[in-house]
Amino acid sequence: MKVIMTGGGTGGHIYPAIAIADKIRRKNPDASILFIGTKKGMESNLIPESGYEIRFINARGFDRRNPLKNIATVRDFLRGNAQAGKILNDFKPDIVIGTGGYVCAPIIRAAGKRGIPAYIHEQNAYPGLANRMLEKYAKKVFISFPESEKYFKEKDKLILTGNPIRKEFVVSSVIDYRKKLGIGDSEFLILSFAGSRGAERLNDVVLDLADMIQNIPGARLVHITGNVRFEGFCERLKEKGITNGIKINILPYADSIHEYMFASDLVISRSGAITAAELTACGKPSILIPSPNVTANHQYFNARAIADKGGAVLIEEKDLTSEKLITAVMRLVNNREALNAMAKASASLGRTDGADAIYDELGMDRHISKAEGIL
């Protein structure tokens, strides 16, 4: 059984692909899985670190702000098509799975034209342009939010699977991370973060939140600044007379983010597709601040999907102030009933079986049987 996985650029496209590949590998240890990405994307490091082979092609997205740069985009598109065709001819996959990003386009398109079963997965409530263009080449389109259905034309191809999430979020719910992290039963833990690089605007308002939290009995804050912003944030914290220790715990990055998320009472974060999936899988109430610096403002639609069901408070960055954030936090710190209602709403949206659902729809056993000549 041979499988090609393609998707890249950001972790939001790469981690679901890894989760799907891990599921295939667990069910079919002999399966040969090849990833295809670009050398410039995060996949160039993340995929080999996850134990998978990766090959690279030329691909880049269109630049709407600077049309002249699209000459290079067209050149890479043509090169990428040729490279995709060669990889498919050499590897001869039984199926191809794309999880978004411009690198998917030449691979899914070439597979569809060759009659190779191709599947795509959309992580966001507002689908990316690449996946909307590729649906005609796909056998099935896996979606993560019901809200994204209206953006696709071929409704009969759509399967609601949710987002495949990291295995830590699937198997960790029985572990008492509050005890592991030294969080008391009566303490109120707030977790805030904005991805590996962090976000300056979020750091600004969390600085004021930290100043307030240190004066509230039983409240604790864990804030993840992002590696490049850690030292600067700690300096500003020191200027305010706040000690980075237990009550206010500032980290540059957290490999074990699932531990802090499971242990928390409230989460403040961006609303990328995978973050949204992990929050709801944990059943965590959240204050979501979508990044405005993403294509088609898709994080807003992810946050809106959770907030509309009562699982989150949505604050757009253009409206974000320290006062507004602190008011939202204190309303939940002081109202356990409202917090519990949000947690219940969040959990109602959560899925931990995204990779399982996708695997079942792939019909892997049927493909394996055909490959072995049984059918």
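Details
- Residues that are in contact with a helix residue (DSSP H, G or I) (Cβ under 6 Å, 6 or more places away or on another chain) and in a helix (DSSP H, G or I) were ranked within the stretch 277-305; the one that is surrounded by the most Cβ atoms within 10 Å (Cβ to Cβ) is ASN302.
- Just one of the listed residues (ARG166, ARG178, ARG132) is at pLDDT below 95 and touching a Leu at 6+ places or on another chain (Cβ under 8 Å), namely ARG178.
- One residue alone among ASP94, ASP76, ASP90 is assigned by TED's automatic domain parsing to the domain that holds ALA357 and modelled with pLDDT under 90, and that residue is ASP76.
Per-residue answers, yes or no, for (1) polar (S, T, N, Q); (2) surrounded by fewer than 24 Cβ atoms within 10 Å (Cβ to Cβ); (3) out of contact with any Leu (no Cβ under 9 Å at 6 or more places or on another chain); (4) on the phi < 0 side of the Ramachandran plot:
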| position | (1), (2), (3), (4) |
| --- | --- |
| ASN215 | yes, yes, yes, yes |
| ALA219 | no, yes, no, yes |
| ARG236 | no, yes, no, yes |
| ILE248 | no, yes, no, yes |
| GLU259 | no, yes, no, yes |
| THR275 | yes, no, no, yes |
| GLU316 | no, yes, yes, yes |
| ILE326 | no, yes, no, yes |
| MET330 | no, yes, yes, yes |
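- For the stretch 306-326, the candidate set comprises residues that are of a type in the set (Val, Ile, Thr) and part of a helix (DSSP H, G or I); within that set, the residue that is nearest to GLU122 (Cα to Cα) is ILE306.
- Boolean, VAL228 is free of Cβ contacts under 8 Å to residues at least 60 places away in the same chain and under 21 Å from HIS13 (Cβ atoms): no
- Per this entry, ALA345 is not counted among residues that are assigned to a helix (DSSP H, G or I), modelled with pLDDT of 95 or more and touching a helix residue (DSSP H, G or I) at 6+ places or on another chain (Cβ under 7 Å).
- Filter pass, ILE143 being at pLDDT 95 or above, in the same structural domain as GLY218 (by TED's automatic domain parsing) and touching a strand residue (DSSP E or B) at 6+ places or on another chain (Cβ under 8 Å): no
- Any chance GLU187 is of a type in the set (D, E, K, R), in contact with a strand residue (DSSP E or B) (Cβ under 8 Å, 6 or more places away or on another chain) and surrounded by fewer than 14 Cβ atoms within 10 Å (Cβ to Cβ): no
- When LEU339 is tested against (1) in a helix (DSSP H, G or I); (2) out of contact with any Pro (no Cβ under 6 Å at 6 or more places or on another chain); (3) at pLDDT 95 or above, exactly one condition is not met: (2).
- The condition (being under 18 Å from LEU202 (Cα atoms) and polar (S, T, N, Q)) is satisfied by just one residue among SER256, SER269: SER269.
The values are calculated or read from the model by the stated rules, or taken from the named source; none is laboratory data. Source: prediction; values computed, not measured. With ideal geometry, Cβ positions are generated from the backbone for all residues, glycine too; neighbour counts draw on all protein chains shown.
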